[in-house]
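Take a look at the structure below.
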Amino acid sequence: MKSQKIFSGIILLGFGLYFFLEHNHYVKMLEDYLSWPSLLIIVGIAFLGQGYGGKDYEAILPGVILVGFGLHFHIAGKLAIWPNHIGVFILIIALGFLLRYQRTRNGLFYGILFLIVSVLLLFYDEVFKWLGLLENQAGSIINFWPLCLIAIGLYLLISKR
């Protein structure tokens, strides 16, 4: 990281506030949020502060991932409509790549790739119904889509750039 002042300042401020509230029990309504996902959010905010405030744009990706995962763990247990699915984690990673791409012009391919995979995972049944695969008795093809991902991955590893 270029300058650690922003990152270190946010970490110390956030952790200090977290432990102060946890130790003294001042705000009863915040007790549900004084847990380990909050620590992920604090570290993620520190990375985002470093990324945007310190112009260390590589810090945007871990910042979005940590804040996103922390928010997910808080929301998943409290909101019934929130999907608790691997697709949510991949979507958060995709958003991290896309936000980093805005500043660095690097990672667009990965952002779009993860976005497509997350949409396929989150809306698996709906996507294949929309494509008409289930109605056309071609449902057995659905079982082999992970092999397509493996084949594409191997192609990208083996092909010359």
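The values are calculated or read from the model by the stated rules, or taken from the named source; none is laboratory data. Predicted model only: the values in this text are computed from it and were never measured. Positions of Cβ are generated from backbone atoms using ideal geometry, with glycine treated the same way; all protein chains shown enter the neighbour counts.
Assess whether Tyr26 counts as being over 27 Å from Ile90 (Cα atoms), without any contact (Cβ under 8 Å) to a residue 40 or more places away in the chain and part of a loop (DSSP other than H, G, I, E, B).
Considered against the rule, which asks whether it is over 27 Å from Ile90 (Cα atoms), without any contact (Cβ under 8 Å) to a residue 40 or more places away in the chain and part of a loop (DSSP other than H, G, I, E, B), Tyr26 comes out as yes.
What is the one condition in (1) part of a helix (DSSP H, G or I); (2) at pLDDT below 95; (3) touching a helix residue (DSSP H, G or I) at 6+ places or on another chain (Cβ under 7 Å); (4) not basic (Lys, Arg) that Pro146 does not satisfy?
Checking Pro146 against (1) part of a helix (DSSP H, G or I); (2) at pLDDT below 95; (3) touching a helix residue (DSSP H, G or I) at 6+ places or on another chain (Cβ under 7 Å); (4) not basic (Lys, Arg), the one that fails is (3).
All but one of (1) at pLDDT 90 or above; (2) within 18 Å of Leu120 (Cα to Cα) hold for Trp82; which doesn't?
(1)
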